[in-house]
Structure formats: structure tokens, C-alpha cells
Amino acid sequence: MIDNVFDFEKELHLMNEDELRSLLRMLYLIAEREISVQSAEEHSDQFATKIQSIFNTLDENRNRENAEKQALMAQKPREIHIAIGESPLGSIKVAMGKVPGRSERRFFSMNDYYAIGPLGDLTNKADLHRRHLWLLEKLYLSEHGSYAVQGMDKLLQLNNMLSSIDEDTRITIWYANNAHERTGLLYAMHLLRNRLGPIYLIETSALYQELFNPSEVQHDVLRTGEIFSEKLLAMWQHCVNAEPLSLEKRKHMEQEWGNLAVQPGLLRLMKDGEIQSVPEDAIDEYIMQKAREVTLTRQPGEFIKAARVVGEVLGHLEQAVGDAFIEYRIRQLILQGRLEMEGKPHAMRFYSVRLPQ
């Protein structure tokens, strides 16, 4: 039951776009009906009561949907597709929806910010809690507070789910060769280290170059989420008969995770095809460079929306660090006096920055 605004905020973070549209559509239809059949005096109280009842049952609807999903999951799947993040998972679902055998197929997202924050042994609750608290502190002021809502339980459930997949189930992991998805892949291999059955990989960034980039037009794909579902389907068709990962390759990736997990850096970037663990301020100079470039297009002393600076960095930095982390570093640059601020930093759209005058 949703008893207060905090419960409602949590429920909003859990809703996807279709659920939010459905909620708004329902509110509009109720408002239209109430206004047409009641006087203004009657309308006010009854309309408020009806709206409140809708909000109060949001979690009940979700609980029912979760129960239906759990019943479906009780059926043994023939194959499981794993993506590093919710955005690529949605596109993969659409792509694979056109392939026969849909009812025997399951999809899972490793929904974390693997390019940032401390790692450690994330199968250990203390290490996972340390990572969760770091990300909660740094990202909660951004528009990505959903990480906080996700909570520890869901992260622990991910660990248990991956390590308990049936040996007869085909596992396919989709990833692009950026620090976020590559680190997530290595963590998945760590969780699957005791598995005897085969594991298949689809490396989307390299495969995109191979299948879709003519020699005269080059388009680099940084993230799996950037790829249209039609192309993802073509990638799967290209790889469906490929060999699974060799035991030697799996052991190498497990060791790679072990080495990366103990590195002290709080930011992970790709360099020469390898993940490098670096200090969290490693991209600060790049952020300042983009702030200076945008400043040159404005009037002297004019403030620039923080979201604009984040967009410039996100659009040109060839790394998958995420907009939430970039915005966090902008707030740190403000605290250091390297940028000045106007507005309130509740989220990047609510405040502006400029170079010190």
C-alpha cells in the first residue's frame, strides 16, 4: 500500500514508460468523465478521492504483475539473454521477439553503473553495500536516483539468479566493448565461474563494424543501447551457430575480473582495448574543456545549463561513463571553485554553470 509521498516516489522509479503513459491516460479519462457529469462542488472531493485510490493501488498492481512474472519464471527456459543495462535489454527483447520459441526465452539485465564506483567482491554483502552507498551518495542528487530505489536486495537477487541458471539452458551475454559493459561482462563471468554448460557472447560494437559499416562510411558504436533492434536481430542470426567461449577464455576473463575488482580507482575507462582503473577526477579537464567551448558561443558572463555541458561531454567523450557521473563531477568542480553556479543542483536541468568571472 502506498501511504505517503515517499512510497509514491519509489513506485514512480519502478514504473517503465508504458506504465507511466497508462497512468496518465487513466487520470485524463477520469478527469474528463468527472467534469462532464458533476457540478463543480461535487467534482472537487470525489475527483480527489478517485485519484488518491488510483495511487494507493499502484503497488498492488505491481505485486500482481511480479507474481505473474515469477510464475512464468518457474517454467524452465531454453535460453537466457543477459544485457548490461536496461536500455540494451529492451532493444534485445524487441529483436528476439521475432524469433520462434519466445515462451522458452528469458531476459535479464545487469542494471548497475559498472564503469564507476568501488568494486571488490560483489558476492560479499559488505563489499556490495560499500559500493551501493558510494553510488547512492554520488548519484542520488541526479535524475538517476533509481539506483537508490533499486536497493541492495535486487542486487543480491541478481547474484543468486546468475549463479543458479540450469546447466541445460543456453546463456547469451550481449555487450559492447566499453568500460561499463565490459566490466559488467567480467562480473557476469565471475558469477558463472562454476557453470559447466556453454556460454555464448555477442560483442556488439565489433560486430556492428563487421556487418553494417561499409568501407567508405564508418560509424563507431559505443553502446549496445545505440543499436536498432533490427540490427541486433541480424547480429544474433550471424552468431547463432558460433562456438561457445572456450574454457581457457573463460578462465582468463575470471582472472581479469579478479584483478580489476581490487584496483583502487573509482572510474574505469577503455584504453588500447583494455579497461583502465583511474581516479574519479580523470575526466575533469575534459569537462572543463567542453565548458570553455560552449562559453565561446555565449555572451560574456552568461550562465550555461548544466544539462548542456553534460550533453557536450556525453556526446564527444568516447567513454561510457554515463550522464549521472558527468553531472556529479560538474558539482565537484563547482565545489572546487572551477565553475560558478546559478540555481539549485537538484538535477542538471535546474541549475546553470559558467567559468569563474
- [ ] Only residues that are closer than 16 Å to VAL294 by Cα and touching a residue at least 12 places away in the same chain (Cβ under 8 Å): list them for region 312-325, please.
- [x] GLU312, VAL313, LEU314, HIS316, LEU317
- [ ] Scan region 83-108 and report the pairs whose first residue is more than 12 Å from ILE173 (Cα to Cα) and whose second residue is basic (Lys, Arg), with Cβ atoms within less than 6 Å and a gap of 6+ or a chain change.
- [x] GLU104/ARG78
Open item on the list: Only one of GLU318, GLU327, GLU274 is touching a Leu at 6+ places or on another chain (Cβ under 9 Å), within 30 Å of ASP127 (Cα to Cα) and exposed (fewer than 13 other Cβ atoms within 10 Å of the Cβ). Can you tell me which?
Closed with: GLU318
Open item on the list: Being over 30 Å from TYR175 (Cβ atoms), at pLDDT 65 or above, open to solvent by 90 Å² or more (accessible area, probe 1.4 Å) and in a helix (DSSP H, G or I) narrows it down to one residue among PHE47, PHE6; which is it?
Closed with: PHE6
Task: Qualifying residues in region 252-282 (those that are farther than 20 Å from ARG193 by Cα and among the acidic types (Asp, Glu)) - the one nearest to the chain's Cα centre (by Cα) - done: GLU280
Task: Unique match (being within 23 Å of VAL321 (Cα to Cα), open to solvent by less than 60 Å² (accessible area, probe 1.4 Å) and aliphatic (A, V, I, L, M)) among VAL240, VAL221, VAL262 - done: VAL221
Task: GLU216 of a type in the set (Asp, Glu) and modelled with pLDDT of 95 or more - done: no
- [ ] Look at region 166-213 and say how many of its residues are of a type in the set (Lys, Arg) and modelled with pLDDT of 95 or more.
- [x] 1
Task: ILE287 vs. criteria over 21 Å from the mean Cα position of the chain (by Cα), β-branched (Val, Ile, Thr) and under 28 Å from GLN332 (Cβ atoms) - done: yes
- [ ] Among the residues of region 330-357, write down those that are open to solvent by 60 Å² or more (accessible area, probe 1.4 Å) and over 19 Å from TRP134 (Cβ atoms).
- [x] GLN336, ARG338, MET341, GLU342, LYS344, HIS346, ARG349, PHE350, PRO356, GLN357
TODO: Considering (1) part of a helix (DSSP H, G or I); (2) within 22 Å of the chain's Cα centre (by Cα); (3) within 23 Å of HIS190 (Cβ to Cβ), say which one ALA95 fails and leave the rest.
DONE: (3)
Task: Residues of region 91-126 classified as polar (S, T, N, Q) and either in contact with a helix residue (DSSP H, G or I) (Cβ under 6 Å, 6 or more places away or on another chain) or open to solvent by less than 10 Å² (accessible area, probe 1.4 Å) (or both), total - done: 4
Open item on the list: Given the criterion more than 29 Å from LEU156 (Cβ to Cβ) and either among the aliphatic types (A, V, I, L, M) or in contact with a helix residue (DSSP H, G or I) (Cβ under 6 Å, 6 or more places away or on another chain) (or both), identify the matching residue among VAL262, VAL221, VAL278.
Closed with: VAL221
Open item on the list: Yes or no: region 14-23 includes at least one residue that is in a strand (DSSP E or B) and at pLDDT 70 or above.
Closed with: no
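The values are calculated or read from the model by the stated rules, or taken from the named source; none is laboratory data. Please read these numbers as outputs of a predicted model, since none were measured by experiment. Positions of Cβ are generated from backbone atoms using ideal geometry, with glycine treated the same way; all protein chains shown enter the neighbour counts. Only protein heavy atoms, including side chains, enter the accessible area calculation; ligands, DNA and RNA are left aside. Shrake-Rupley method; radii C 1.70, N 1.55, O 1.52, S 1.80 Å.
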